[in-house]
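Reviewing the structure listed below.
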Amino acid sequence: MKKELKSEELYSTALLLHVTIFAYQKSYENIVGSGSRAILTHAIPYLAEMLKHLGLPELSRSKSLDENISTYISLVKESGYICDAQLHNKGKNSHIFEVKECGFASSGHKIFKDRHICPFAILAASVIFYQQEPKYQ
């Protein structure tokens, strides 16, 4: 029988996963010297592949990028972890994912201040990648 998770348990689990991603980026940077973002370009295609295999009916390649990002933002907002978010297109293959009022900012973000990418933005990038249907799948 599955145990139903309480809101506090979900928040704690999400917070741990959130800071784990930040810690991974910081560790990579310490080992390599810089470029923690470089590893993400290799991770995002795998995340997109996982999205495809999860079969989330909310995400679909038949929808526009705006529709899929709106769906993703709605899913994260429903969780209560963020107040809102927006994707800003800055040109070909360049986007800024702006998270508003992240519930983890007061704890996880203070520890890892510099040049690390928020896990919500990493997942947004995987939605973008998923939408673009890579040639090498």
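FYI, it's all coordinate maths here, none of it is from the lab. The structure presented is a predicted model; accordingly, all values stated were derived computationally and were not measured. In this analysis, Cβ positions are derived from the backbone assuming ideal geometry, glycine residues included, and neighbour counts consider all displayed protein chains.
Per-residue packing, averaged as other Cβ atoms within 10 Å, sorts the ranges 39-52, 88-101 into the order 39-52, 88-101, beginning with the highest. The length gained by stretching the chain between residue 100 and residue 58 to full extension, at 0.36 nm per residue less their Cα-Cα distance, is 12.9 nm. Subtracting the Cα-Cα distance from 0.36 nm times the residue separation, let me have the gained length for residue 86 to residue 27 in nm, one decimal. That works out to 18.4 nm of additional length. On full extension, the segment bounded by residue 132 and residue 42 gains 30.8 nm, given 0.36 nm per residue less the C-alpha separation.
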